[in-house]
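What follows is a set of notes on a single structure, which appears directly below.
Coordinate-derived values only; no laboratory data. Bear in mind the structure is a predicted one, so any value in this text is a computation, not a measurement. Cβ placement follows ideal geometry from the backbone for every residue including glycine, while neighbour counts extend to all protein chains displayed.
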Amino acid sequence: MGTIIFAISFFYIWTIVFIYPPWHKILRKINVYKTLLIISIVFSVLSFLSYDSGMEKSEKDMVFAASHLMLFLILYKCYDNYILKTYNRHIFFLR
C-alpha cells in the first residue's frame, strides 16, 4: 500500500515540475492548491496508517516518502511568496 501511495505522490511531483511546466500558474489558484494539499495530506495519513512493524526496510522507507508531495507544495508556496515579495512577480520556469 505504501509503495502505491509513494508512486502516486512521486508522479504528481514530476508532473507538476517537469512534464507540464505551466503547472506553476495553475498552482497559484487557491482552490487547486488547497485541493492538492488536502490530497497530499490524505496520502500521507493513509501511508502512515499502513505502517506495520513487520514490514521490510524498503517498505518502511516508502511510508515516509508519501509526504514528498505535501513538502513540495509547502515549499513551492513559500518560495513563490518570497519571489513575489522580493521581485514583485511570481516564479516562472523557462524551457
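Below is a table of values for the structure above.
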read-out	value
Segment K60-I38, length gained on full extension (0.36 nm per residue, minus Cα span)	5.6 nm
Fully extended contour minus Cα-Cα distance, from L49 to I4, at 0.36 nm per residue	14.8 nm
Pairwise label distance in nanometres, Y87 with N31, each label 7 Å out on the Cα-Cβ vector	2.9 nm
